[in-house]
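The values are calculated or read from the model by the stated rules, or taken from the named source; none is laboratory data. Predicted model, so just to flag it, every value in this text is computed and none were measured. Ideal geometry is used to build each Cβ from the backbone, glycine not excepted, and the neighbour counts take in all protein chains shown.
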Amino acid sequence: MNSSTSPQLMKAAILTAQHYPLVVTNIELPSELKYGQVLVKIFYSGICGSQLGEIDGAKGPDKYLPHLLGHEGSGIVEKCGEGVTVVKQGDHVALHWREGKGISAPTPNYLLNGQKVNAGQITTFNEYAIVSENRVTAIPHDIDLKLVPLYGCALTTAFGVVHNDAQLKAGESLVVFGSGGVGMVVVQAAALASAYPIVAIDINDFKLEQAKRCGATHVFNSLRENVGERIRSILSTGADAVVDTTGLKVIRELAYDLTSKEGRTIFVGVPKQGEKMSLDTLPLHFEKRITGSHGGSAKPQYDIPRLIRLQQQGILKVDHLISHVYPLEKINEAIQQVRTGDVVRCLIKMNHD
């Protein structure tokens, strides 16, 4: 297949400065694809806490500004560069930040008024994206593209947290702090694994109600209740697995304290750079374990088809995980909604004529 692409403009949301709104404007696509690159027409993108962290500078100063954002999406392959074999033109695909099968290609450079706009091996806050082959996985054509961004991060991460990081077994107990997109699916994955009890904690009643729908047996609002006391009243010796999706220091310490002597603490939420914790490490010399999760150690080329099969059979319910959809032009409103509102997963819809 010819790897050249015609120069074209597309609308994109650009991070030009940390702590400021994204700039939505037209930028120019590179004129040709490099070895291992795939041009995807993006239909939907999810908004993840990772993007909020990039905007807020959670990991420190950003040396790549200006650059594009987004790491979970859905689309259709427009063209493939040389060497690409995993997908072909016309394939419907899930875009994911975890490395999948295929080539790890060079990152593309877009242009804004002649100035370079950086991008990683995947971005999805743009109408078209040049991505690395190993960041796309083909999906059946009959799967609603609106649902597919969930497979790019929330679903694969959460199921990986439950099965790979926590290694949760039937009848074991699980506590999850944070009932956003990932936390909600952690609850659902734990329910499908026959865990009990499943305790969800958040500061938002809307999210806690959604967690009940996903299979939480107990929900607590930490603004109104002493969750440490409430959980110990249910699990006197602690939980078999405690998952934190918030990244907050006080919550991470509490999560570890609420884990049983032989249990597992899994940190999913990313803390601020340089923020330290205070832990009693003696139990780690015995059978207690603590780990940070990197996307649940998911393998997209294996996990996405597997989870899609569960969706097709009606075993995995995903529709209710999408609570809001915004056009790309209103992405800053969507980001604010994610920060403060009654949101499970918020999507950005591209406006393709």
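Just one of the listed residues (Gly114, Gly90, Gly100, Gly120) is more than 16 Å from Gln301 (Cβ to Cβ) and under 22 Å from the mean Cα position of the chain (by Cα), and it is Gly120.
Taking region 1-52, which residues are small (Gly, Ala, Ser), part of a loop (DSSP other than H, G, I, E, B) and at pLDDT 95 or above?
Applying the first criterion (small (Gly, Ala, Ser)) to region 1-52 yields 3-4, 6, 12-13, 17, 31, 36, 45-46, 49-50.
Subsequent filtering for residues that are part of a loop (DSSP other than H, G, I, E, B) retains 3, 6, 17, 31, 36.
Within region 1-52, Ala17, Gly36 meet the criteria.
What do you reckon, is Ala105 surrounded by fewer than 22 Cβ atoms within 10 Å (Cβ to Cβ) and farther than 20 Å from His141 by Cβ?
Details: surrounded by fewer than 22 Cβ atoms within 10 Å (Cβ to Cβ): no; farther than 20 Å from His141 by Cβ: yes.
Criteria not met by Ala105.
The conditions of being in contact with a Leu (Cβ under 8 Å, 6 or more places away or on another chain) and either modelled with pLDDT of 95 or more or under 15 Å from Val175 (Cβ atoms) (or both) are met by Val243. Taking each residue of region 266-287 that is over 24 Å from Gly60 (Cβ atoms) and looking for partners that are loosely packed, with under 11 Cβ neighbours inside 10 Å with beta-carbon atoms closer than 9 Å, six or more apart or interchain, yields Pro283/Lys261; Phe286/Lys261; Glu287/Lys261. Of the residues in region 295-303, at least one is in contact with a helix residue (DSSP H, G or I) (Cβ under 9 Å, 6 or more places away or on another chain) and either among the hydrophobic types (A, V, I, L, M, F, W, C) or surrounded by fewer than 14 Cβ atoms within 10 Å (Cβ to Cβ) (or both).
Being surrounded by fewer than 24 Cβ atoms within 10 Å (Cβ to Cβ), of a type outside the set (A, V, I, L, M) and in contact with a Ser or Thr (Cβ under 7 Å, 6 or more places away or on another chain) is the filter here; which residues of region 161-179 pass it? Result: Asn164, Gly171.
Looking only at residues of region 236-267 that are over 16 Å from His218 (Cβ atoms) and among the β-branched types (Val, Ile, Thr), we find that the one that is farthest from the chain's Cα centre (by Cα) is Thr237.
Looking at Lys212, Lys207, just one residue is in the same structural domain as Ser179 (by TED's automatic domain parsing) and surrounded by 19 or more Cβ atoms within 10 Å (Cβ to Cβ), and that residue is Lys207. Starting from region 162-177, take each residue that is within 23 Å of Asp202 (Cα to Cα) and list its partners that are among the acidic types (Asp, Glu), counting only C-beta distances under 7 angstrom and pairs at least six apart or across chains. Sorted first by the residue in region 162-177, then by its partner, the pairs are Glu172/Asp240; Ser173/Asp240; Leu174/Asp240; Phe177/Asp244.
Please indicate, with yes or no, whether at least one residue in region 253-263 is without any contact (Cβ under 8 Å) to a residue 24 or more places away in the chain, assigned by TED's automatic domain parsing to the domain that holds Ser222 and surrounded by fewer than 14 Cβ atoms within 10 Å (Cβ to Cβ).
Kept after step one, since they are without any contact (Cβ under 8 Å) to a residue 24 or more places away in the chain, are these residues of region 253-263: none.
Scanning region 253-263, I find no residue that is without any contact (Cβ under 8 Å) to a residue 24 or more places away in the chain, assigned by TED's automatic domain parsing to the domain that holds Ser222 and surrounded by fewer than 14 Cβ atoms within 10 Å (Cβ to Cβ), so the answer is no.
Applying the criterion of at least 1 residues that are of a type in the set (Gly, Ala, Ser) to the strands (runs of 3 or more DSSP E) found wholly in region 143-224 leaves 198-202.
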